[in-house]
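The values are calculated or read from the model by the stated rules, or taken from the named source; none is laboratory data. Everything numeric in this text was worked out from a predicted model, so none of it was measured. Cβ: placed from backbone, ideal geometry, glycine included. Neighbour counts: every protein chain shown.
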Amino acid sequence: MQHYYKGMRIDTTAFRVMKLPRTITRAVFLPVLLLVVVAASACGRAESTSLHNSISIPRITRPAAILPKDRVVGDHLVTFDETNLAGKLPPARPVQAITRGNPELKRVAITIDDGWNADMRILELLKEWEIKWTAFLIGGRGIAESNPDLVRAVRDAGAEVCNHTYSHYVMSGKDNAFVVDELWRAQEAITSVTHEIYPYTRFSGGAYDDTSLQWAADQGFWMVNWTVSSGDTSKGVTVDFQVNNILGNLQPGAIILFHFGGYNTYEVLSRVIPEIQRRGYEVTSLSRVLEGTPFVLNESE
Ligand SMILES: [Zn+2]
């Protein structure tokens, strides 16, 4: 067989490895080979340490050139670089927390919180009935970050997926860095699945103080609580009581609070939704009940 290197014919017999007895191969060649490999990798490490200095592991990111541009679509931002979301929303107006949508519109919002022990029948129901609705998912604690399938299922069931902080700790009395980190870590976990950012947040138990409200607004989030609670966190509550309480507090722009792992939540939703619709209301998402108010995201902000 003829072998060529850069056009020159070469004699391969000169490169044949001399066959050695097995014992010699193992005793001498393997340790030498190992030494060479270890030395080479040590050199590589030393070089990368001196080059990158304090940076430990370089983060692999997709090249910016292939990412589509961020854009405001209706009431939310669509983005594709979920590794750095902070600063993407324009500051929201610092107001008191929103507890009701536009009273001029005969619409009510379904909002469902947390994500623990999620009753998946809720998602099937809302999807089948083609209801637009809003979810406030926890970022950590076994929810959005470690369960992207849940985020996807919630989104696919018609929800606008919003953040409910990362840890679900009480935000009152915490410092600015803590609150800001809570918002964006949760948002990253959600947006890495949905590519969407809605300008709304809700804190654990709906509890906030003036400073945390202001800090959320600085980051572009309106604090959204509720008009009426379904009472689905009260052990022993009855479906009749929950249904009557919701219907008794029904009003244009009402925001109704539910939980994915609440008591009777599926049963209550399957009873109240048709009744609310029969009374002439649209059962819908937060963005739909906030239409016509200043609390929506738009291009000019
Ligand atoms: Zn909660």
Within segment 64-72, does at least one residue satisfy the condition of being in contact (Cβ under 8 Å) with a residue 24 or more places away in the chain and away from the ligand (no atom under 16 Å from the Cβ)? yes
Condition check for Gly173: of a type outside the set (A, V, I, L, M), part of a loop (DSSP other than H, G, I, E, B) and modelled with pLDDT under 95: yes
Could you say whether any residue in segment 148-157 is part of a loop (DSSP other than H, G, I, E, B) and touching a residue at least 40 places away in the same chain (Cβ under 8 Å)? no
Touching a residue at least 40 places away in the same chain (Cβ under 8 Å), in the same structural domain as Arg152 (by TED's automatic domain parsing) and within 16 Å of the ligand (Cβ to nearest atom): is that true of Ala207 in this structure? no
What pairs come out if I take residues in segment 185-203 that are touching a residue at least 12 places away in the same chain (Cβ under 8 Å) and pair them with residues that are hydroxyl-bearing (Ser, Thr, Tyr) and within 15 Å of the ligand (Cβ to nearest atom) whose C-beta lies under 7 Å away, six or more apart or interchain? Arg185/Tyr166; Ala186/Thr165; Ala186/Tyr166; Phe203/Thr165
Of the conditions (1) under 15 Å from Ile112 (Cα atoms); (2) within 13 Å of the ligand (Cβ to nearest atom); (3) within 21 Å of the chain's Cα centre (by Cα), Tyr200 satisfies every one except a single condition; which number is it? (2)
Do you know which residues across segment 195-211 are surrounded by fewer than 24 Cβ atoms within 10 Å (Cβ to Cβ), outside any loop (DSSP other than H, G, I, E, B) and in contact with a helix residue (DSSP H, G or I) (Cβ under 9 Å, 6 or more places away or on another chain)? Glu196, Thr211
If you check Phe178 against the conditions, is it more than 16 Å from the ligand (Cβ to nearest atom), free of Cβ contacts under 8 Å to residues at least 24 places away in the same chain, farther than 30 Å from Asp81 by Cβ and surrounded by fewer than 23 Cβ atoms within 10 Å (Cβ to Cβ)? no
Among (1) under 20 Å from Ala92 (Cα atoms); (2) within 16 Å of the ligand (Cβ to nearest atom), which single condition is Ser167 missing? (1)
Of all residues making up segment 123-148, the number that are touching a Phe, Trp or Tyr at 6+ places or on another chain (Cβ under 7 Å), surrounded by fewer than 24 Cβ atoms within 10 Å (Cβ to Cβ) and among the small types (Gly, Ala, Ser): 1
Working only within segment 92-114, note down all residues that are more than 16 Å from the ligand (Cβ to nearest atom), within 29 Å of Ile143 (Cα to Cα) and part of a strand (DSSP E or B). Ile98, Arg100, Val108, Ala109
Return the only residue of Gln277, Gln187 being buried (at least 20 other Cβ atoms within 10 Å of the Cβ) and more than 15 Å from the ligand (Cβ to nearest atom). Gln187
Please go through segment 228-269 and give me each residue that is away from the ligand (no atom under 16 Å from the Cβ), assigned to a strand (DSSP E or B) and in contact with a Ser or Thr (Cβ under 9 Å, 6 or more places away or on another chain), ordered by number. Ala254
Over segment 128-147, the set of residues of a type in the set (S, T, N, Q) and assigned to a loop (DSSP other than H, G, I, E, B) is Ser146, Asn147
